[in-house]
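Down below is the structure, laid out as structure tokens.
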Amino acid sequence: MGLRLAFAGFRHGHILTLYRRALEHEAVEVVAACEEDDDAAKEVTAGDNGVELTHRDFGQMMSDVACDAVAVGDYYGRRGSLILSALEQGKHVISDKPLCTGRGEVDRIEALALARGLKVGCMLTMRDSRPMLGLRQLLRAGTLGEVHAITFGGQHPLRPDSRPHWYFEEGKHGGTINDIGIHALDAIPWMTGLRVKRIEAARCWNAFADHAPHFQDGAQLMLTLDNGCGVLGDVSYFAPDAAGDNLPLYWRVTVWGRKGVAEISNSAREIRLALNTDHELRSAPLPPEKAGGYLESFLRDIAGEAPGDGELDTKAVLASARLALEVQKAADEGRTLVDLDVGP
């Protein structure tokens with residue numbers, strides 16, 4: 001018998017990807033699916049979405065159904081409480097990103113998971129993409145030498161007419177850095193082997209979302225890694241609505257090292273780079289993608305297997321969630337020069 005997985009919430013389209021992968025996976029059995037919101041329930045059961053809802057109340061689902069793990073896809077502000085409830089009931093958890101919106105929630109999730117021997121996974125899909133895998137291989141091979149500067153742009157289209165309405169309801173979103181920036185904050189240490197030592201500055205503000213003045217759709221950050229490398233990032237909702245995530249600017253990452261520079265983007269078919277001896281840009285091939293790698297990592301974590309090179313496990317998931325919330329907090333409170341405990 002495979003892992004018995006129950007789904008709690010379908011308030012963001014990302015969770016549908018996990019739902020479909022779980023249905024097709026030979027080691028996973030989807031045993032239940034719950035959505036409490038009426039509008040969301042209608043949407044996810046209609047057309048090509050094809051979710052088969054079994055429950056309309058999370059507590060009832062947990063009482064009715066025997067499961068080993070819970071997949072969480074409710075609105076961001078509710079995810080932490082659902083994850084904690086599942087862990088309290090002895091279930092492993094895998095969530096869409098972000099894991100939660102409160103720094104204290106991460107601490108409680110970690111404590112519960114450790115005390116009960118449970119695992120926590122997350123859909124940090126950047127680790128599975130060809131461009132990011134290729135850039136990681138390049139950096140880990142030392143091709144660019146020691147890394148001294150990284151810039152990234154993860155600007156998304158806002159699309160207020162089609163984006164889930166809860167994004168613009170106070171208390172449900174939790175911040176654009178935590179929402180989008182978590183991908184880069186997870187990927188940069190994974191790619192470089194370096195950890196974030198200091199939050200130099202971070203800022204969120206309202207710019208495009210005129211209909212929701214409290215929603216801070218602008219988001220920028222500046223970090224220092226533990227070797228002194230500087231990081232500049234922009235994860236605002238400023239990309240053009242129609243073409244935003246198809247542009248070569250979508251998740252564009254440029255890394256400057258002592259031996260040269262390399263750049264990729266989400267839509268790149270190759271790595272563009274120039275070393276100190278090059279007179280023009282050249283290219284390097286991309287490796288195969290690891291589609292659904294986050295799910296495979298979660299299953300291996302539950303099985304007690306040590307994570308492979310660059311694989312997610314509970315420790316990595318919680319570290320990335322905590323870092324994203326620290327940077328979001330710095331932006332919310334206008335704090336600068338925030339030193340982080342990066343350990344030995």
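Restricting the stretch 108-135 to residues that are in a helix (DSSP H, G or I) and without any contact (Cβ under 8 Å) to a residue 24 or more places away in the chain, the residue that is nearest to GLY310 (Cα to Cα) is LEU114.
Filtering ARG322, ARG335, ARG269 for residues that are free of Cβ contacts under 8 Å to residues at least 60 places away in the same chain, in contact with a helix residue (DSSP H, G or I) (Cβ under 9 Å, 6 or more places away or on another chain) and of a type outside the set (Asp, Glu) leaves a single hit, ARG269. Under the condition of being more than 13 Å from PHE10 (Cα to Cα), of a type in the set (Asp, Glu) and touching a Leu at 6+ places or on another chain (Cβ under 7 Å), which residue from the stretch 64-92 is surrounded by the most Cβ atoms within 10 Å (Cβ to Cβ)? Going through the qualifying residues, I end up with ASP68. Go through the residues of the stretch 139-148 one by one and say whether even a single one is crowded, with 18+ Cβ neighbours inside 10 Å, under 15 Å from the mean Cα position of the chain (by Cα), assigned to a loop (DSSP other than H, G, I, E, B) and at pLDDT 95 or above. No.
Considering the stretch 219-243, and only residues there that are over 15 Å from ILE182 (Cα atoms) and touching a helix residue (DSSP H, G or I) at 6+ places or on another chain (Cβ under 9 Å), the residue that is surrounded by the fewest Cβ atoms within 10 Å (Cβ to Cβ) turns out to be ASN227. For the stretch 255-267, filtered to residues that are within 20 Å of the chain's Cα centre (by Cα) and crowded, with 17+ Cβ neighbours inside 10 Å, the residue that is farthest from PHE208 (Cα to Cα) is ILE264.
Being touching a His at 6+ places or on another chain (Cβ under 7 Å) and on the phi < 0 side of the Ramachandran plot holds for only one residue in GLY244, GLY233, and it is GLY244.
Applying the selection to the stretch 124-138, what residues are under 14 Å from the mean Cα position of the chain (by Cα) and open to solvent by 10 Å² or more (accessible area, probe 1.4 Å)? THR125, MET126, ARG127, ASP128, SER129, listed by residue number. Scanning the stretch 47-63 for residues that are under 25 Å from the mean Cα position of the chain (by Cα) and more than 28 Å from LEU325 (Cα to Cα), we see that the one that is least open to solvent (accessible area, probe 1.4 Å) is VAL51.
Looking across the stretch 93-104, the residues that are over 16 Å from ILE177 (Cβ atoms) and open to solvent by less than 30 Å² (accessible area, probe 1.4 Å) come down to VAL93, ILE94, SER95, ASP96. Those strands (runs of 3 or more DSSP E) of the stretch 175-265 in which 2 or more residues are under 21 Å from GLY134 (Cα atoms), modelled with pLDDT of 95 or more and of a type outside the set (Phe, Trp, Tyr) occupy 230-234, 252-257, 260-264.
Only one entry of ALA212, ALA201, ALA242, ALA207 meets the criterion of being more than 20 Å from the chain's Cα centre (by Cα) and free of Cβ contacts under 8 Å to residues at least 40 places away in the same chain, and that entry is ALA207. Applying the set (1) buried (at least 17 other Cβ atoms within 10 Å of the Cβ); (2) out of contact with any Cys (no Cβ under 8 Å at 6 or more places or on another chain); (3) assigned to a loop (DSSP other than H, G, I, E, B) to GLU280 leaves exactly one unmet item: (1). With respect to the numbered conditions (1) open to solvent by less than 10 Å² (accessible area, probe 1.4 Å); (2) closer than 29 Å to ASP341 by Cβ, which one is the sole condition not fulfilled by TRP190? It fails just one condition, (1).
The values are calculated or read from the model by the stated rules, or taken from the named source; none is laboratory data. Quick caveat: nothing in here was measured; it's all calculated off a predicted structure. Cβ sites come from the backbone with ideal geometry, for glycine too, and all protein chains shown count toward neighbours. Surface areas here come from the heavy atoms of the whole protein model, side chains and all, with no ligands, DNA or RNA. Shrake-Rupley method; radii C 1.70, N 1.55, O 1.52, S 1.80 Å.
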